[in-house]
Amino acid sequence: MSFSNGLTPRLKPLSARKSAILSVLDVGTSKVVCLIAQLNPVSEGEALKGRTHLARVLGIGHQRSLGLKGGIVVDLEAAEQSIRQAVDAAERMAKVEVRSILVNLTGGRAGSQSYNANVGVRSGSVSNGDIHRVLDAASAYSVRPGRAVLHALPTGFSLDGQSGILDPAGMIGGNLGVDMHVVTADSAAARNLMLAVERCHLDVEAVISTPYAAGLSALVDDEAEIGATLIDLGGGTTSVGVFAGGHLVHVDALAVGGHHVTMDIARGLSTRVAVAERLKTLYGAAISSPSDEREVISVPQVDEEERDVANHMPKSSLVRIIKPRVEEILELVRDRLRRAGFATEAGRRIVLTGGASQLTGLPEMARRILGSEKGPGQVRIGRPLGVKGLPEAAKGPAFSVGVGLLVYPQVAHVEHFEPGAGSVYQGTGTDGYLSRMGRWIKDSF
């Protein structure tokens with residue numbers, strides 16, 4: 001398992017001029033989705049902002065997720081089975097054999113840290129070597145015992161105290177600084193996810209944080225630039241990504257999601273979990289409407305002889321169960337963002353995605369709970385954008401993460417991983433042959 005220095009595997013950058021076949025795996029608590037797509041280079045005018053390729057889906061497989069709880073693997077064998085079946089279905093449809101795959105990680109207590117570092121400029125004007133040194137200095141802080149680094153994203157450079165510089169190469173100055181946003185997760189959670197995938201005889205090319213993937217797929221045009229908070233409401237987890245100035249600046253995740261709403265319904269209405277899921281999907285709402293008392297729904301309940309007995313009740317009984325749980329999830333998100341210092345920016349523009357975001361009335365509730373002091377912000381449902389060949393059923397918010405994983409290789413080149421001296425060169429696309437040569441020389445002499 002490739003997992004050195006607390007780093008998950010690094011993805012080789014995608015050539016802007018070449019086509020590639022890519023396989024990705026969205027491993028969630030409620031479903032596992034495998035997408036196989038061809039990435040074709042497109043000219044700047046034809047692609048969405050920040051993308052170099054257009055993905056055309058060749059194969060899709062999705063399977064009920066087993067062996068996961070709160071986004072982490074709790075039963076290796078069951079998780080392996082779900083992954084194997086999803087990959088197998090996608091392979092058959094695409095007529096392609098999958099050998100390596102990109103996978104997302106939602107659980108494992110995702111965390112964000114920001115670091116800054118400064119170095120002296122050696123020759124008066126900033127060289128690529130100076131940029132490398134300052135990035136190395138910032139990423140040297142990032143590796144912590146028991147934590148796996150998923151992303152190390154430079155969010156801006158400064159030169160002699162002047163911040164907001166996008167690319168300092170060739171500029172004149174004496175002191176170069178960088179701000180780095182590092183996304184980490186528990187090592188054990190990342191290792192067990194990779195192990196479940198590798199047991200299916202697949203190589204893991206990279207592990208991507210779920211809210212980052214969802215944002216890459218569902219944010220439009222300038223949303224990441226202006227500032228937006230993406231909330232991915234999954235089955236077992238709710239994950240949050242804050243984007244500003246075109247960068248991912250904060251990540252968080254809670255082990256509570258749509259499945260908790262289903263369980264509340266099953267308990268509250270004394271019915272089976274499968275029935276509760278169906279009632280939530282067909283009639284569920286996060287806000288009450290005047291017609292709820294008049295609208296009657298049929299809730300099958302089990303009698304002593306294990307037979308289903310239809311019980312009729314007003315829809316308002318269902319809404320009364322759903323509403324407090326959804327409020328609780330959104331209030332937890334709000335409190336976590338407040339503690340991290342992102343409450344004001346976060347409330348201005350909110351994009352809800354993931355399967356549980358389709359609940360009627362959720363945008364209105366999110367606007368009320370997450371709005372900033374300056375008033376409620378804009379809230380919309382985010383769907384996967386800029387991808388061809390998705391079947392109609394996969395065009396909804398539940399598939400944003402899977403499509404975002406197809407976008408990730410187009411932006412992976414901005415990341416920088418090199419945890420200090422004495423470690424294997426990990427990083428910016430020039431690893432591979434050179435690092436192997438370096439290791440061979442070091443080991444041989």
Could you state, as a whole-number percent, how many of the C-alpha pairs of the range 351-416 are farther apart than 13 Å? 69 percent
Taking Rh as the Kirkwood radius computed over alpha-carbon pairs of the range 215-267 and applying Stokes-Einstein at 4 °C with viscosity 1.567 mPa s, one gets a diffusion coefficient in µm² s⁻¹ of 108 µm²/s
Using a basic spin-label model with each label point 7 Å from the Cα along Cα→Cβ, how many nm lie between Gln113 and Thr281? 4.2 nm
Using the basic label-point model (7 angstrom from Cα toward the beta carbon), what is the Lys18 to Ser291 distance in nanometres? 5.6 nm
Rounded to the nearest percent, how much of the accessible area of the range 39-94 (1.4 Å probe, protein heavy atoms only) is carbon and sulfur? 49 percent
Accessible area expressed per residue, the range 331-417, with surrounding protein chains retained (probe 1.4 Å, Å²): 42 Å²
Tell me, what % of the accessible area of the range 179-336 is carbon and sulfur with a 1.4 angstrom probe? 50 percent
Could you do me a favour and compute the accessible area per residue for the range 17-125, 1.4 Å probe, result in Å²? 50 Å²
What's the tally of Lys pairs in the chain whose alpha-carbon atoms lie under 26 angstrom apart, where the two lysines are 8 or more places apart or on different chains? 25
In nm, spacing of pseudo-spin labels at Arg368 and Met171 (7 Å Cα→C-beta vector): 4.6 nm
Given 25 °C and 0.890 mPa s, how large is the Stokes-Einstein diffusion coefficient of the chain in µm²/s, with Rh as the Kirkwood radius over Cα pairs? 106 µm²/s
Write down the accessible area per residue of the range 168-321 in Å², having rolled a 1.4 Å probe over the full set of protein chains. 40 Å²
Taking the range 1-125, how much of its Cα-Cα pair set, in percent, is spaced more than 19 angstrom apart? 63 percent
Using Cα-Cα distances under 8 Å and only pairs 6 or more residues apart, what relative contact order does the chain have, in percent? 18 percent
To the nearest 10 degrees, the tilt of helix 258-268 (Cα long axis) against the first principal axis of the alpha carbons of the chain is 20 degrees
Using only alpha carbons, build the gyration tensor for the range 197-297 and give me the equivalent ellipsoid semi-axes, biggest first, whole Å. 33, 22, 11
Restricting to the chain, what percent of DSSP beta bridges are antiparallel, rounded to 5? 75 percent
Within the chain: Cβ-based charge dipole about Cα centre, in debye rounded to nearest 20 (Lys, Arg +1; Asp, Glu -1): 300 debye
Using 0.36 nm per residue, how much length does the chain from Asn311 to Glu46 gain when fully extended, once their Cα-Cα distance is taken away? 89.9 nm
Around Leu14, what is the net charge, scoring Lys/Arg as +1 and Asp/Glu as -1 over all other residues with Cβ under 14 Å from its Cβ? +3
Could you tell me which of Ala255, Pro211, Phe243 has its Cα farthest along the dipole of the range 197-269 towards the positive end, charges placed at Cβ (Lys, Arg +1; Asp, Glu -1), taken about the Cα centre? Ala255
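The values are calculated or read from the model by the stated rules, or taken from the named source; none is laboratory data. For clarity, every value in this text was computed on a predicted model and none was experimentally measured. Ideal geometry is used to build each Cβ from the backbone, glycine not excepted, and the neighbour counts take in all protein chains shown. Heads up: the accessible areas ignore ligands, DNA and RNA and are worked out on the full protein's heavy atoms, side chains in. Shrake-Rupley method; radii C 1.70, N 1.55, O 1.52, S 1.80 Å.
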